[in-house]
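What follows is one structure encoded as structure tokens, with my remarks underneath.
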Amino acid sequence: MADRFEWFNEVVATELMPTALSTDRTASFRAEVAALDLGAVQVSKFAYSPLRSRRTPALIRRSDPEQYQLALVTSGSEWITQRGNGAQLTAGDLVFWNSSHPWEAGVPEAEGQVEAIVLQLPRSAMPLRVERLDRLLARRIPARTGMAAILARFLTSLHDEGPDCAPQDLARLAGVTTDLVAACLAEHLDTPDELPAETRTRALRARIDRFIEHNLGDPELTPRAIAAHHAVSLRTLYSLYEGPGGPGDSGDPGDPRTERGIATVIRRRRLDRAHQDLAAPELRRHTVQSIAARRGFSSATAFSRAFREAYGLTPTQHRHQALANPPARKGGPARTLRTPRPPAAP
């Protein structure tokens, strides 16, 4: 029905910016949108049938949010052109564009539905020079390695888990999001030194966090191993997780109190992941000991003691309770806007 396409046109104009959309398939057009507001930053998930979109000079004069926008394609394929650049995008690719310049984009008629997570950021929030960022407009950024992979994983988690976050946490995530985008773009421009020191520090912390998450099952995951892998000193690593003057920070990297920050992070994340695994119905056939080992605990006794200290229950008690009473998903600030259903046939 034509009203489906009209509805989507209105949603795009409201959630992103006024854009000229067209399709040859109005009768079969389908779309779905979910939006998450982080304050200055907006995250939206779009799924839609083949179409063509244009941002014209007239539309820019009519309304310009003065934003950079970045999309992660999660399913399907599409294309985009802006300022002489063009890209063919498939699942796992990032692309970056500017709301103040004309652009065209589209999903080929031969394709099925495309899905993408779209990020909107104020241009004033980007710490890189405009003339450098213009080089990346409508360029394909593969999100399989480096900061692009970290950013893609973060955007996916933000969309999936953001609705369960408290408002104050969402406000903090806006800053983290902007830092990761800046670090990703700077890496592709080969200009990381142009980033503010605070942004570089937060980007390094995000890279180390991802490394820790991917290696929680390795019992040899130690602060020294992490520092060596990222070519930083132990002092730098400790400062990332406690900061100058932080709790227990003596300023001496040889002081065991200084190591407590990063060591506690590793231990807590292992416990959190084990806590989740024990509550997962699909892992019910795995023993508590095998789950502990999967998350890097070499001693079942030490794991049980640490788990009880952290959660007030033994691992077995937690598993029984979780499987008997699965938690309902909490409501959050995200809103889902679905394509209206067509009227029933007479």
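Search segment 172-192 for residues being aliphatic (A, V, I, L, M) and surrounded by 22 or more Cβ atoms within 10 Å (Cβ to Cβ), and hand back the single one that is farthest from the chain's Cα centre (by Cα).
My answer is ALA186.
Pairs please, first residue from segment 294-316 and under 20 Å from LEU221 (Cβ atoms) and charged (D, E, K, R), second anywhere and assigned to a loop (DSSP other than H, G, I, E, B) and modelled with pLDDT of 95 or more, Cβ atoms under 8 Å, 6+ apart in sequence or on different chains.
Every condition considered, no pair remains.
How about segment 19-36: which of its residues are without any contact (Cβ under 8 Å) to a residue 60 or more places away in the chain and in contact with a strand residue (DSSP E or B) (Cβ under 8 Å, 6 or more places away or on another chain)?
THR19, ALA20, LEU21, SER22, THR23
Give ALA171, ALA227 a once-over and let me know the one that is under 30 Å from ASN98 (Cα atoms) and out of contact with any strand residue (DSSP E or B) (no Cβ under 9 Å at 6 or more places or on another chain). Steps first, please.
Details: ALA227 fails: under 30 Å from ASN98 (Cα atoms).
Every option except ALA171 fails the conditions.
So how many residues does segment 82-103 have that are in a strand (DSSP E or B) and surrounded by fewer than 17 Cβ atoms within 10 Å (Cβ to Cβ)? So that I can check it myself, show each step before the final result.
Residues of segment 82-103 that are in a strand (DSSP E or B), as a first pass: 82, 85-90, 93-98, 103.
Then keep just the ones that are surrounded by fewer than 17 Cβ atoms within 10 Å (Cβ to Cβ); that gives 86, 88, 90.
Selection size over segment 82-103: 3.
Applying the selection to segment 178-199, what residues are assigned to a helix (DSSP H, G or I) and among the aliphatic types (A, V, I, L, M)?
Matches in segment 178-199: LEU180, VAL181, ALA182, ALA183, LEU185, ALA186, LEU189, ALA197.
Sort through THR14, THR26, THR56, THR74 and tell me the only one that's surrounded by fewer than 17 Cβ atoms within 10 Å (Cβ to Cβ), at pLDDT 95 or above and polar (S, T, N, Q).
Numbers: THR14 fails: at pLDDT 95 or above; THR26 fails: at pLDDT 95 or above; THR74 fails: surrounded by fewer than 17 Cβ atoms within 10 Å (Cβ to Cβ).
On inspection, the qualifying residue turns out to be THR56.
Could you tell me whether segment 91-101 includes any residue that is over 21 Å from ARG140 (Cβ atoms) and touching a residue at least 40 places away in the same chain (Cβ under 8 Å)? Steps first, please.
So the first thing to find is which residues in segment 91-101 are over 21 Å from ARG140 (Cβ atoms), and the list is 100.
Now narrow it down to the ones that are touching a residue at least 40 places away in the same chain (Cβ under 8 Å): 100.
Checked segment 91-101: at least one residue is over 21 Å from ARG140 (Cβ atoms) and touching a residue at least 40 places away in the same chain (Cβ under 8 Å).
Are any of the residues in segment 292-301 touching a Phe, Trp or Tyr at 6+ places or on another chain (Cβ under 9 Å) and in a helix (DSSP H, G or I)? Break it down stepwise before answering.
Of segment 292-301, the ones touching a Phe, Trp or Tyr at 6+ places or on another chain (Cβ under 9 Å) are 292-293, 295, 297.
Keeping just the survivors that are in a helix (DSSP H, G or I) gives 292-293.
Yes: segment 292-301 contains one or more residues that are touching a Phe, Trp or Tyr at 6+ places or on another chain (Cβ under 9 Å) and in a helix (DSSP H, G or I).
Can you tell me which of GLY217, GLY175, GLY162 is closer than 24 Å to ARG269 by Cβ and in a loop (DSSP other than H, G, I, E, B)? Quick ask: steps written out before the conclusion?
Values: GLY175 fails: in a loop (DSSP other than H, G, I, E, B); GLY162 fails: in a loop (DSSP other than H, G, I, E, B).
So the residue among GLY217, GLY175, GLY162 that is closer than 24 Å to ARG269 by Cβ and in a loop (DSSP other than H, G, I, E, B) is GLY217.
Residue-wise test of (1) at pLDDT below 95; (2) among the acidic types (Asp, Glu).
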{"site": "ASP93", "(1), (2)": "no, yes"}
{"site": "PHE96", "(1), (2)": "no, no"}
{"site": "ALA105", "(1), (2)": "no, no"}
{"site": "ALA110", "(1), (2)": "yes, no"}
{"site": "ARG123", "(1), (2)": "yes, no"}
{"site": "LEU128", "(1), (2)": "yes, no"}
{"site": "LEU133", "(1), (2)": "yes, no"}
{"site": "LEU137", "(1), (2)": "no, no"}
{"site": "ARG144", "(1), (2)": "yes, no"}
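Tell me, which residue of segment 270-329 that is under 26 Å from the mean Cα position of the chain (by Cα) and acidic (Asp, Glu) is surrounded by the most Cβ atoms within 10 Å (Cβ to Cβ)?
This residue is ASP277.
Would you call ALA40 surrounded by fewer than 21 Cβ atoms within 10 Å (Cβ to Cβ) and within 22 Å of ILE117 (Cβ to Cβ)?
Working: surrounded by fewer than 21 Cβ atoms within 10 Å (Cβ to Cβ): yes; within 22 Å of ILE117 (Cβ to Cβ): yes.
For ALA40, the condition - surrounded by fewer than 21 Cβ atoms within 10 Å (Cβ to Cβ) and within 22 Å of ILE117 (Cβ to Cβ) - is met.
List every residue pair whose Cβ atoms lie under 7 Å apart, where the two residues are 6 or more positions apart in sequence or sit on different chains, the first residue falls within segment 197-209 and is in contact (Cβ under 8 Å) with a residue 40 or more places away in the chain and closer than 13 Å to GLU187 by Cα, and the second residue, located anywhere, is assigned to a helix (DSSP H, G or I) and of a type outside the set (A, V, I, L, M).
If the second residue must be assigned to a helix (DSSP H, G or I) and of a type outside the set (A, V, I, L, M), the pairs left are THR199/ASP179; ALA203/ASP179.
So for segment 251-269 (the condition being in contact with a Lys or Arg (Cβ under 6 Å, 6 or more places away or on another chain) and either of a type in the set (Asp, Glu) or at pLDDT below 95 (or both)), does at least one residue qualify?
In the first step, residues of segment 251-269 are kept if they are in contact with a Lys or Arg (Cβ under 6 Å, 6 or more places away or on another chain); the result is 253.
Right, trim to either of a type in the set (Asp, Glu) or at pLDDT below 95 (or both) and you get 253.
The answer is yes, given that some residue of segment 251-269 is in contact with a Lys or Arg (Cβ under 6 Å, 6 or more places away or on another chain) and either of a type in the set (Asp, Glu) or at pLDDT below 95 (or both).
The values are calculated or read from the model by the stated rules, or taken from the named source; none is laboratory data. As the structure is a computational prediction, the values presented were derived from the model and not from experiment. Virtual Cβ from ideal backbone geometry, glycine too; neighbours counted across all protein chains shown.
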